[in-house]
Every structure is written in C-alpha cells, then in structure tokens.
Amino acid sequence: MLSGLRKTVAATFMKECPLQYNYFPCGLAKGNRTMSLVQVSSNKCSGGYQKVFEHDSTELKCKMKVAVYLPPKAENEKCPVFYWLSGLTCTEQNFITKAGSQQAASEHGIIIVAPDTSPRGCNIEGEDESWDFGTGAGFYVNATQEPWKTNYCMYTYVTEELPRLINTNFPADPEKMSISGHSMGGHGALICALKNPGKYKAVSAFAPICNPIQCAWGQKAFSGYLGEDKKTWEAYDATVLAASYSGPQLDILIDQGRDDQFLSASQLLPDNLIAACSEKKIPVVFRLQPGYDHSYFFIYSFITDHIKHHAKFLNA
C-alpha cells in the first residue's frame with residue numbers, strides 16, 4: 001500500500017515539477033540541468049517520448065509551451081533537431097496529435113521541436129479579435145509597431161531563443177538543425193532558412209504562404225506588425241529572400257494540395273517562389289498533390305517523406 005502511494009506521489013511530482021527533476025531518459029549531461037522548463041505532459045510514443053514543456057520566454061515576455069519528441073536514440077547520444085512551425089490558429093498540440101510524425105522521427109533518430117504559434121495572454125488590446133492576426137497568428141516576424149513589438153518577436157524566438165533552450169536542456173546536436181512548417185508556418189520555415197544561410201541543414205514546407213507581401217493574409221499581418229512601409233515587409237517574404245539568396249545550397253521540398261481552397265484564393269502563391277528559386281538556381285522539389293486540401297489529413301499523408309528529406313541532410 002505504502003509502495004503504491006509512493007509511486008503515485010513520485011509520478012505526480014515528476015509531472016508537475018521543473019525539468020531539473022525529469023531530465024533526459026538516460027540522464028545525459030546532468031551538469032546542464034536548468035530550472036527554465038516545466039514539464040506539462042509526457043507520453044510514450046513510437047519507442048520514445050512525446051513531451052510538452054512550458055517556459056518563461058525572454059523574447060516574448062510571456063509563458064510559452066513547446067512540444068518536444070525525444071526518439072529512443074536520445075537515451076544514449078545526441079540527435080539532430082527538426083523544428084516544426086505550425087499555421088494560423090494552431091498551438092503546439094496540432095502537429096503532435098494530428099501529423100503522425102513520431103514514428104519516422106523515431107526511426108531516423110531525430111528530435112522534433114514544435115513551439116506555439118504566437119505569444120499568449122499578453123493582455124494586448126485586440127489580440128483575440130481575429131483568427132488571422134494576434135493570438136495564434138504571430139507570422140514568425142519581429143514586430144516593430146505598437147502595441148505588438150514588446151511581445152510579438154517570434155522570428156528571434158524561433159531562430160535564437162528556442163534553439164538555445166533546446167540545446168541546453170536536451171541531447172541535441174547544435175550543428176544539425178532543420179526546419180519545416182505548414183501554411184503560415186511554412187512561410188516561417190522558408191524565411192528562417194533563407195535569412196540564415198547554413199544554419200539549417202534542410203527546409204521543407206506544406207502549403208506555405210510563399211509571397212506574403214502579395215496576399216491578403218500577409219498584407220494584414222505585415223501592416224499590423226511591421227507598419228505601412230512595404231519595403232520593411234520584404235525581410236520576411238520568402239519569394240523576395242530567395243531572389244537575393246547567396247548562401248550554401250539549400251534543397252527545398254514543398255508539398256501543395258491541388259484542392260487547397262487557399263491556393264485557389266491566391267493566399268499561397270507558390271509559383272512566385274518557384275520562379276525566384278529557378279532564377280537563383282535554388283533546388284526546389286514542388287509536388288502538387290491531387291485531391292488534397294489544406295488540412296492535417298494532407299500533412300499526415302506526406303510527413304514521412306518530409307522527415308526522410310530532412311534525415312538525408314541531418315544524418316549525412
């Protein structure tokens with residue numbers, strides 16, 4: 001009876017207390033333990049662990065949740081990291097519960113990190129009024145306009161703060177990172193890779209917003225976060241960035257559903273990005289998938305291909 005009670009108390013303690021008390025499955029690098037992460041959940045999955053953590057973000061000045069999948073390989077050695085950026089209205093939960101990425105990540109020995117899509121609970125007037133601006137719609141930019149600029153710095157959060165957090169607290173190989181995403185997150189993945197030549201070993205996207213300065217979603221977000229000077233918008237537009245890219249070779253994989261309602265509504269504009277990449281001789285594999293829409297059913301259908309694409313470069 002007492003033994004069972006002790007186990008229950010211990011399990012509750014491990015779940016609710018900071019990461020210091022529930023570190024790597026194998027106890028790697030114990031000297032690097034930190035109080036900065038609190039474990040929210042942990043589930044055995046595909047031989048590894050799907051976990052969710054919460055931390056205080058210095059860039060976003062709020063609490064953020066981030067999902068981390070640790071493959072079995074992480075019990076014994078460092079692993080490459082695949083960063084996933086989700087789309088409009090999503091949280092860290094959508095990808096880990098709908099995409100089915102864990103099995104392929106387990107097989108290839110890849111850690112998957114999926115953050116939330118925006119700051120939350122910042123008490124900014126208007127942050128919850130629209131589904132495509134504010135909460136759940138950070139657009140992976142660093143805002144320069146009031147009242148957003150204090151908290152909405154998702155670009156720096158994704159490219160700097162989050163990798164530091166992951167590299168400090170998990171058995172991650174800091175030299176082997178890649179990035180992917182869907183819709184708004186596909187836009188985020190592309191700009192992160194194009195703005196940081198050599199930082200990411202691979203990049204891919206599902207139905208990305210390829211040319212935001214030319215579509216309604218991007219124009220609404222950029223005018224709100226960055227102001228009315230459209231020249232400043234170009235720093236966060238994948239098509240513009242591809243046209244001036246001069247870094248090491250970047251092999252891009254893009255899947256796009258042919259029956260995607262946002263493709264026909266001219267929100268995604270992949271042809272513009274493909275043309276810019278062709279001009280700069282940036283290799284792009286663009287696959288137009290018949291019958292598929294913009295949903296997670298589409299992502300689930302091709303996520304294994306994307307993880308294989310990343311593994312080819314991450315495990316080289």
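A compact table of results
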{"read-out": "Considering residues of the stretch 253-284 that are aliphatic (A, V, I, L, M) and out of contact with any Cys (no Cβ under 7 Å at 6 or more places or on another chain) only, the residue farthest from Cys192 (Cα to Cα)", "value": "Ala265"}
{"read-out": "Elements of type helices (runs of 4 or more DSSP H) contained in the stretch 173-274, each with 2 or more residues being touching a residue at least 40 places away in the same chain (Cβ under 8 Å)", "value": "184-195, 216-226, 238-243, 261-264"}
{"read-out": "Selected residue (criterion: nearest to Tyr155 (Cα to Cα)) from residues of the stretch 114-141 that are crowded, with 24+ Cβ neighbours inside 10 Å and of a type in the set (Val, Ile, Thr)", "value": "Val141"}
{"read-out": "Test: Leu162 is of a type in the set (A, V, I, L, M), assigned to a loop (DSSP other than H, G, I, E, B), in contact (Cβ under 8 Å) with a residue 40 or more places away in the chain and surrounded by fewer than 23 Cβ atoms within 10 Å (Cβ to Cβ)", "value": "no"}
{"read-out": "Subset of the stretch 275-298 [part of a loop (DSSP other than H, G, I, E, B), of a type outside the set (Ser, Thr, Tyr), without any contact (Cβ under 8 Å) to a residue 40 or more places away in the chain and open to solvent by less than 70 Å² (accessible area, probe 1.4 Å)]", "value": "Pro283, Gly291, Asp293"}
{"read-out": "Where Ser266 falls short, out of the listed (1) out of contact with any strand residue (DSSP E or B) (no Cβ under 9 Å at 6 or more places or on another chain); (2) open to solvent by less than 40 Å² (accessible area, probe 1.4 Å)", "value": "(2)"}
{"read-out": "Yes/no for Ser36 being at pLDDT 95 or above and open to solvent by 10 Å² or more (accessible area, probe 1.4 Å)", "value": "no"}
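The values are calculated or read from the model by the stated rules, or taken from the named source; none is laboratory data. Quantities reported herein were computed from a predicted structural model and do not represent experimental measurements. All Cβ positions, even for glycine, are placed from backbone atoms using ideal geometry, and neighbour counts span all protein chains on display. Remember, those area values only see protein heavy atoms, side chains included, never the ligands or the DNA or RNA. Shrake-Rupley method; radii C 1.70, N 1.55, O 1.52, S 1.80 Å.
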